[in-house]
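Worksheet for the structure shown next.
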Amino acid sequence: MIGSLEAATHIAARVAARPAALAALVFLGALTLLATFAGALGLDPLEQDIVRMLEGPSRDYPFGTDELGRDILARVIFGARTSLATAAGAVLLAAAIGVPIGLVAGFFGGWRDAVLMRVVDLLLALPGIMMALALIAVLGRSQAAALVAVGITGVPTFARVARAQVLSLRRRDFVTAVEAFGATSSYSMFRTILPNSWSPILTQMVVLSSVAILLEAALSFLGVGIPPPTPSWGEMLRTGKEYLHDAPTFAVLPGLALTLTILAFDTLGRALSTVLEGRDTVVPARGNQP
Amino acid sequence: MRAVDGVSLRVARGETLGLVGESGCGKTTTGRAIMGLVASTGGSIRFDGQEIRGLSRNDMRGVRRRMQYVFQDPYSSLNPMLSVGDAIAEPLRIHGLYDEMGGDRWIAQLFDMVGLSSSVAHRRPREFSGGQKQRIGIARALSLKPGLLILDEPVASLDVSIQAQIVNLLQDLQRELSLAYLFIAHDLSVVKHISDRVAVMYLGRIVEEAGKSDLYAAPTHPYTQALLSAVPVVDAATQGRGPRIVLQGEIPNPSAPPSGCHFHPRCFRATERCSVEAPAFGLVAGTRTEAACHHPGPGP
């Protein structure tokens, strides 16, 4: 365990050495802290100040109020909690379903591979938002339904990454070795191949977080995501667009939060993949410079 | 494709059988077929008198406890995510025998047996040299107290000085634990050093098998003679050796082997008969050597 902690610290240091990734890391860290301790800030996302609805920035409400006189800043901060929690849950769900599918398909090959990967291809062929809408139509509108809907759309990515890993590790001697000891297939898959596949899977989790946040916001924007009054960025954008003339600042903060969060996850994911593949230590050839 | 055909081998307790041949001749496939790592389509594999071919998964697990495999490449045969202590303990844990076999004390003893300190148990494989990794691979293979070790070119990827250390270690372990070895190699001098008997393989078939001294002193099969003539010696004249036999042509494609005797297109003794009829494997008259050749006999 000491070894893996060292390795993790080493990787974190190399990611943080990249300025854009460091900025993304700081932003996401701050956002997570805000979301976690939102309750302790004395902000209430639900309290209505009807007299002061659709106000611009003021001392009481730094980013103004919405159509029910609620504090936009408070709602964006609590909305971060909704967005991050839904995205994290969805990504974990996608990995929990997709990774075993990919492992089994790649490990056994043959008909299992054919059947599983055709199902995955089918999922991949449907646009994510369409499938999510269909799932919500079946499951009803709730935060759990949004989480499941977003999660299912991420399954193919993890299945494909895991399958590719199995195919590259399957014939390595240390995998043959555990077979020679008499290990079961599930031991080979989950105890030997999976731990050696963590780096591309982790990268996908970070990259897919940005997709999940965007998809969750899109569902809320379409009015089928997380039901009100729970604050959500997509829902705020949807309402904000109705009042673009009366309160132009309404949609600014939720839109900004959404954009920056997606950008941060994407930047971090790219940096992580660069570092884990060892490309950060390679000096690019001069000819490749822009 | 028939990578291996008509191979018959016997290894007795405490004995080393060397299996030699050019790369691609099916040595590794033979070793892996014995372990059940590649499926065999026919023949018989017996261990301690028990037929193990076609055993159920569960019964095979029991057999695998008693025969183990040491890989050629110590760099890729250890899981990079496991500490070497966990790597050595892994076979025990897979069989649920960790505590029964003595737990940490047995692991420490295994480190000791292969000449490593158990204080390095928590380190990762990448922190070790090739020779040390191969020692770890050997300790791992010994953890279940097997009777047979299949050693697949265990020293081929090591420096010459390290090779000798590993070969000596293997010999010491064999003496202490009365292990049977199937030693797969292409290096004839290493095989000569460690083996009791030697089998020579060409294109998926055993062409000659004999006790070590018989095989090296009086090879009867033309292929064996050619192989031995290629072993470099310090002074050929004083070591009493004939001229170098240079074989013509390349090894044929194993998926479309030549008719009759597989070796006949390259053989310096081949006749009409060799291209038609595959020679049977049997005792060569007047010797203790078994060979598959229509025209066995001393040198060219």
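Among B:V38, A:F107, A:P45, flag the residue with its Cα farthest along the positive direction of the charge dipole of the protein assembly as shown, charges on Cβ as +1 for Lys/Arg and -1 for Asp/Glu.
Among B:V38, A:F107, A:P45, the one farthest towards the positive end of the dipole of the protein assembly as shown is B:V38.
In a GNM of chain A with a 10 Å cut-off on Cα contacts, which of A:R112, A:R59, A:R70 has the highest mean-square fluctuation?
Among A:R112, A:R59, A:R70, the largest GNM mean-square fluctuation belongs to A:R59.
Picking from B:V70, B:V160, B:V20, which is most flexible by a Gaussian network model of chain B using Cα springs under 10 Å?
Top of the fluctuation ranking is B:V160.
Report the Cα centroid-to-centroid distance between the range A:88-141 and the range A:224-271 in angstrom, as an integer.
Answer, in whole Å: 27.
What's the whole-number percent of alpha carbon pairs in the range B:152-300 lying beyond 29 angstrom?
On the way: 2438 of 11026 pairs.
Result: 22 percent of Cα pairs exceed 29 Å.
If you wrap a convex hull around the alpha carbons of the range A:168-257, what volume per residue comes out, as a whole number of Å³? Intermediate values should be presented prior to the final figure.
Numbers: hull volume 11.4 nm³, N = 90.
Once divided by residue count, the hull of the range A:168-257 is 127 Å³.
Of B:H264, A:I136, A:I11, which is farthest on the positive side of the dipole of the protein assembly as shown, counting Cα position, with +1 on Lys and Arg Cβ, -1 on Asp and Glu Cβ, and the Cα centre as origin?
With unit charges placed on the Cβ atoms, the residue in question is B:H264.
If the convex hull of the alpha-carbon atoms of chain B is projected onto planes in all directions, what is the mean projected area in square nanometres? Don't skip to the end; give the middle numbers.
Numbers: hull surface 66.8 nm².
Mean projected area of the Cα convex hull: 16.7 nm².
Output the 0 to 90 degree angle, nearest 10, between the alpha-carbon long axis of helix A:233-242 and the longest principal axis computed from the alpha carbons of chain A.
Taking Cα atoms only, the helix is inclined about 40 degrees.
If amide hydrogens are placed 1.01 Å from N in the peptide plane, which non-local residues have theirs closer than 5 Å to the one on B:Y69?
Residues meeting the amide H criterion: B:I150.
Over all alpha-carbon pairs of the range A:113-164, lay out the pair-distance distribution in 10 Å bins, whole %, shortest bin first.
Once binned at 10 Å, the Cα pair distances of the range A:113-164 give 26, 47, 25, 3.
Rounded to the nearest 20 debye, what is the charge dipole size of the range B:213-291 about its Cα centre when +1 sits on each Lys and Arg Cβ and -1 on each Asp and Glu Cβ? Provide the component values of the computation, followed by the final result.
On the way: 6 positive and 6 negative charges, 24 e Å.
Value, rounded to 20: 120 debye.
Hey, what's the per residue convex hull volume over the C-alpha atoms of chain A, in cubic angstrom? Kindly include the intermediate steps, with their values, before the conclusion.
Values: hull volume 52.8 nm³, N = 290.
In chain A, the Cα hull volume divided by residue count equals 182 Å³.
Count the DSSP beta bridges whose two residues both fall in chain B, then state the antiparallel fraction as a percent rounded to the nearest 5.
Details: 12 of 30 bridges.
Close to 40 percent.
What is the set of long-range amide H partners of B:I206 at a cut-off below 5 Å, with H atoms built 1.01 Å from backbone N?
Here the answer is B:S8, since their amide H atoms fall under 5 Å of that of B:I206.
Across the range A:155-166, in residue order, what do the Karplus-derived ³J(HN,Hα) couplings come to in whole Hz, using 6.51 cos²θ - 1.76 cosθ + 1.60 with θ = phi - 60° and x for Gly and Pro?
Once θ is set to phi - 60°, the couplings for the range A:155-166 become 4, x, 4, 5, 4, 5, 5, 5, 4, 4, 5, 4 Hz.
In deg cm²/dmol and to the nearest 500, what is the mean residue ellipticity at 222 nm of the protein assembly as shown if only DSSP H runs of at least 4 residues count, each as -39500 (n - 2.57), divided by the residue total?
Values: 19 runs with 286 residues, N = 590.
Result for the protein assembly as shown, helices only: -16000 deg cm²/dmol.
To the nearest 20 debye, what charge dipole does the range B:1-83 have about its Cα centre, counting +1 at the Cβ of each Lys and Arg and -1 at the Cβ of each Asp and Glu? Don't skip to the end; give the middle numbers.
Values: 12 positive and 7 negative charges, 57 e Å.
Using Cβ point charges on Lys, Arg, Asp and Glu, the range B:1-83 gives about 280 debye.
Summarise the long-distance tail of P(r) for the range B:134-212 by giving the % of C-alpha pairs beyond 18 Å. Walk me through the numbers before you get to the answer.
On the way: 1253 of 3081 pairs.
Counting pairs separated by more than 18 Å, the tail of P(r) holds 41 percent.
Where does the Debye-calculated log10 I(q)/I(0) of the range B:213-291 sit at q = 0.19 Å⁻¹, using only Cα point scatterers of equal weight, no solvent?
Ignoring solvent entirely, the Cα scatterers give -0.95.
Once amide H atoms are placed 1.01 Å from N in the peptide plane, what residues at a sequence separation of 5 or more from B:L19, or on another chain, have their amide H within under 5 Å of its amide H?
B:F183, B:I184, B:A185, B:A199
Cα atoms only: what Rg and Dmax, in Å, come out for the range B:247-300?
Reported Rg and Dmax, both Å: 11.8, 35.
In the range B:16-195, what percentage of the DSSP-assigned beta bridges are antiparallel, given to the nearest 5?
On the way: 2 of 16 bridges.
Antiparallel bridges make up about 10 percent of those DSSP assigns within the range B:16-195.
So what's Rg/Rh here for the protein assembly as shown, counting alpha carbon atoms and using the Kirkwood radius for Rh? Kindly include the intermediate steps, with their values, before the conclusion.
Values: Rg = 33.3 Å, Rh = 28.9 Å.
Using Cα coordinates only, the ratio equals 1.15.
Averaged over peptide A:167-180, how many Cβ atoms belonging to another chain are found within 10 Å of each residue's Cβ? Walk me through the intermediate numbers first.
Numbers: counts 0, 0, 1, 0, 1, 5, 12, 14, 3, 7, 15, 5, 7, 14.
So the per-residue partner count for this stretch is 6.
Can you tell me the dipole magnitude for the range A:65-165 around its Cα centre, using point charges on the Cβ only (Lys, Arg +1; Asp, Glu -1), in Debye to the nearest 20? Working shown, then result.
Values: 8 positive and 5 negative charges, 43 e Å.
The dipole of the range A:65-165 has a size of about 200 debye.
Specify, per residue and in Å³, the volume enclosed by the convex hull of the alpha carbon atoms belonging to the range B:16-195. Walk me through the numbers on the way to the answer.
Numbers: hull volume 21.8 nm³, N = 180.
Convex hull volume per residue, Cα atoms: 121 Å³.
Just to confirm the number: angle between the C-alpha axis of helix A:19-36 and the first principal axis of chain A, 0 to 90 degrees, nearest 10?
Computed tilt is about 60 degrees.
Among B:V246, B:V63, B:V284, determine the one that fluctuates most according to a GNM of chain B built with springs between C-alpha atoms less than 10 Å apart.
B:V246
Quick note: the coordinates plus some simple rules give every number you see, no bench work behind them. These figures come from a predicted structure and were not determined experimentally. Glycine gets a Cβ as well: all are built from the backbone with ideal geometry, and neighbour counts include every protein chain shown.
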